[in-house]
Amino acid sequence: MSEAGVTKNPWRGKVVRVSKDGKTVRVHVPTSVVHSKYGKTLHRHIPLRADTNGNEVAEGQEVDVLPSRRISKSKSWKVTAVFAGH
């Protein structure tokens, strides 16, 4: 079975919330879009819920996430790397 449509390029984002059991994190991935009429760059974020795979993750840390199979209703990403926070 091929993995067509699945990217191996991780998205980097910031952890904004960790669940009580520590298995799920909410990650905001920053994006930029250009306004169609005025041309101004708007800074947005994409909210994701990701599985921690047993990694120790705290709020404010930078993480890399990759898409995976559906884990729960809202969780379809996995944390692959954890970096120091600010």
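We did not get these values from a lab; they are worked out from the coordinates using the rules stated. Here the structure is a predicted model, which means the values were calculated and not measured. FYI the Cβ positions are ideal-geometry reconstructions off the backbone, even for glycines, and counts take in every protein chain you see.
So here's what we get for this one:
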{"item": "Hits in region 17-60 - residues which are part of a loop (DSSP other than H, G, I, E, B), closer than 15 Å to Ser72 by Cβ and acidic (Asp, Glu)", "result": "Asp21"}
{"item": "Residues located in region 66-76, provided they are under 14 Å from the mean Cα position of the chain (by Cα) and either closer than 16 Å to Gly22 by Cα or assigned to a loop (DSSP other than H, G, I, E, B) (or both)", "result": "Ser68, Ser74, Lys75, Ser76"}
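Results for (1) on the phi > 0 side of the Ramachandran plot; (2) surrounded by 13 or more Cβ atoms within 10 Å (Cβ to Cβ), shown as yes or no for each residue.
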position	(1), (2)
Thr24	no, yes
Pro30	no, no
Val34	no, no
His43	no, no
Leu48	no, yes
Asn53	yes, no
Val57	no, yes
Gln61	no, yes
Val65	no, yes
